[in-house]
Amino acid sequence: MNKPSEAGLGQADLGLAWDNGFARLGEAFYTPLQPTPLPSPYLVGANAGLARELGLDGATFRSQAAVEAFTGNLPIAGTQPLASVYSGHQFGVWAGQLGDGRAILLGEAQTPAGPQEFQLKGSGLTPYSRMGDGRAVLRSSIREFLGSEAMHGLGIPTTRALCVTGSGAPVRREEVETAAVVTRVAPSFIRFGHFEHFSAREQYGELRQLADYVIDRFYPACRGTDQFAGNPYAALLEQVSGRTAAMVAAWQAVGFCHGVMNTDNMSILGLTIDYGPFQFLDAFDPGHICNHSDEQGRYAYNRQPNVAYWNLFCLGQALLPLVGEQDLALAALESYKAVFPRELEARMRAKLGLAEAKEGDRELVEAILKLLAADKVDYTIFWRRLSRHAAGEAADTVRDLFLDRGAFDAWLLQYSERLTQAGRASAADLMLKTNPKFVLRNHLGELAIRDAKLKDYSGVDTLLGLMQSPFEEHPGREEFAGFPPDWASHIEISCSS
Ligand code: AMP
Ligand code: MG
């Protein structure tokens, strides 16, 4: 495949075949428009691994044409840029029409990884920008780039990020910052809010068209089902409930806080989407609120599972005109209640190295979480040290994390028996593949951002490499696996991005 070139007529050619399914839905779903160019763009971060998965040339990011294209300055041959319209519930309140206020869907490429939509985030004003400026700042774009790839590295369903470009163009937030654009990639960026939009407006034709599109493209099995009286829309709700449950269980197990679980930030494919004030826990604090703007703690870590169900309930209500009977919709939502605890239990058991369930495992998990919370133990470091202990290291490094060592010793005694039963070697093996050594802690992102503001992007690249293989040891990189410095607890991440 050729490296991207300017294919005449002021277009870039990425060498991909495009087939823009969402654009075919028609203009009730979006406004066609071009991104707004930014002056003198430069590359901040590039994801060579994802580029390869997508069949892009390895030299892609060395070409200025690609940098211009991924900033929105040069149209990409074959794409049909548009901003989609959606609505949503924000912080529990119906917010009415929202939409892609600063994102532009370029189109859908046919890649070796299947059909993938490319979207630019931060690419200028759209009809849905409301009071915003259509831009994203460098700081939050780097966080999204690294955050989504960290989640992918952990095996958690997420939108991906191909690259970040920056520009010196000023963007006003609490202070004046500079603009950046993230190129996001996912099979679809459709959100619960897209369905809520057409349902609230009683545009049931469009609602059905959207649901049929999603079913045909992503959930074809919903058609053939004899479950739910052969009702494909109820089956869709059930499938989305299951995927969302699995996603949130994965979040809880790894200690991920999303920060803004509004219904417009919930993917119909069960992908983690819209990385704003997200955080990987440092100390284990179940009530942790990562979003400085979330004064009520609606999206605290331990509330995420209930909020996800609340959001699915909104989706269920939106789909009701298609599902027909309320009982069917409620039955479909039940799958969340079945899948979430099952998935969470399996993930927590795996963290303890227990491939097979035995009576008492749940108590073992609950007991250690209680101790972690009581002593505010670092969540990631605890699990990694416990894994190394299972692999043969002395228990001291784990014990040292606790204030109440007697309580930990008592727990360890019980756990050791269970570990012996399970077989230490295979347990340790499972644990080292389940409990990451590296997560994208706030302070790590912050340090890379500080350097990037001074035009040193090496920190972004280093973190990308670590986060893409977070279970590997990466000798010599211990500083990225250590405790957060004192200043980390003062980092305030808000909705401002
Ligand atoms: P969020 O909570 O960040 O997912 O954003 C909620 C809504 O606000 C979405 O419709 C976004 O597109 C829009 N939005 C956020 N920031 C901006 C901005 N700077 N300019 C325009 N729209 C924005
Ligand atoms: Mg959003």
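The values are calculated or read from the model by the stated rules, or taken from the named source; none is laboratory data. Being a predicted model, the structure only gives us computed values, none of them experimental. Counting neighbours? That spans all protein chains shown, and the Cβs are built from the backbone with ideal geometry, glycine included. When the accessible area is computed, the model is the full protein with side chains, heavy atoms only, and any ligands, DNA or RNA have been set aside. Shrake-Rupley method; radii C 1.70, N 1.55, O 1.52, S 1.80 Å.
Descriptive notes on the structure:
- Cα gyration tensor shape for the stretch 17-189, rounded if a/c is under 1.5, else prolate or oblate: rounded
- Helical contribution to [θ] at 222 nm, DSSP H n ≥ 4, -39,500 (n - 2.57), averaged over the chain, rounded to 500: -13500 deg cm²/dmol
- The residues neighbouring GLY124, those whose beta-carbon lies less than 13 Å from its own, together hold a net charge of +1 under the Lys/Arg +1, Asp/Glu -1 convention.
- Cα centroid of the stretch 447-497 to Cα centroid of the stretch 349-373, whole Å: 30 Å
- Heavy-atom accessible surface of the stretch 17-189, averaged per residue, reaches 33 Å², computed with a 1.4 Å probe.
- Under 14 Å, Cβ to Cβ, from GLU196 - net charge with Lys/Arg +1 and Asp/Glu -1: -1
- Axis angle, to the nearest 10 degrees, between helix 326-351 and the longest C-alpha principal axis of the chain: 50 degrees.
- Over the chain, Cα pairs under 8 Å with separation of 6+ residues give a relative contact order of 14 percent.
- Net charge contributed by nearby residues that have their C-beta within less than 14 Å of HIS258 (K/R +1, D/E -1): 0
- Intensity falloff of the chain expressed as log10 I(q)/I(0), Debye formula with alpha-carbon point scatterers, at q = 0.09, 0.11 Å⁻¹: -0.64, -0.95
- With all protein chains in place and a 1.4 Å probe, the accessible surface of the stretch 11-144 carries 53 percent carbon and sulfur.
- Carbon/sulfur fraction of accessible area - the stretch 352-434, other protein chains in place, 1.4 Å, %: 52 percent
- Mean separation of Cα contacts under 8 Å, 6 or more apart, over the residue count of the stretch 352-434: relative contact order %: 49 percent
- Cross-link partners for LYS370 among the lysines, with Cα-Cα distance under 27 Å and sequence neighbours closer than 8 places in the same chain left out: LYS337, LYS351, LYS358, LYS433, LYS437.
- Calculated on the alpha-carbon coordinates, the convex hull of the stretch 205-350 measures out at 117 cubic angstrom per residue.
- Per residue accessible area in Å² of the stretch 323-365, where ligands, DNA and RNA are left out and the probe is 1.4 Å: 55 Å²
- What a 1.4 Å probe finds exposed on the stretch 178-225 is 48% carbon and sulfur by accessible area, rounded to a whole percent.
- Taking the chain, the Cys residues with no second Cys beta-carbon under 4.7 angstrom are CYS163, CYS222, CYS314, CYS495.
- In summary, the stretch 291-393 shows an alpha-carbon radius of gyration equal to 1.43 times the 2.2 N^0.38 Å reference for compact globular proteins.
- Counting only lysines at least 8 places from LYS121 when in the same chain, those with an alpha carbon closer than 23 Å to its own are LYS453, LYS455.
- Where the Cα pairs of the stretch 80-162 fall when distances are cut into 10 Å bins, in %: 16, 37, 40, 7, 0
- With Cα atoms, 0 to 90° folded angle of helix 138-153 axis to the chain main axis: 60 degrees
- Taking each residue as 0.36 nm, the span from ARG201 to HIS490 lengthens on full extension beyond its C-alpha to C-alpha distance by 99.7 nm.
- The stretch 438-497 - percent relative contact order, Cα under 8 Å, separation 6 or more: 41 percent
- Cut-off under 5 Å, modelled amide H: who pairs with GLY45 long-range: VAL164
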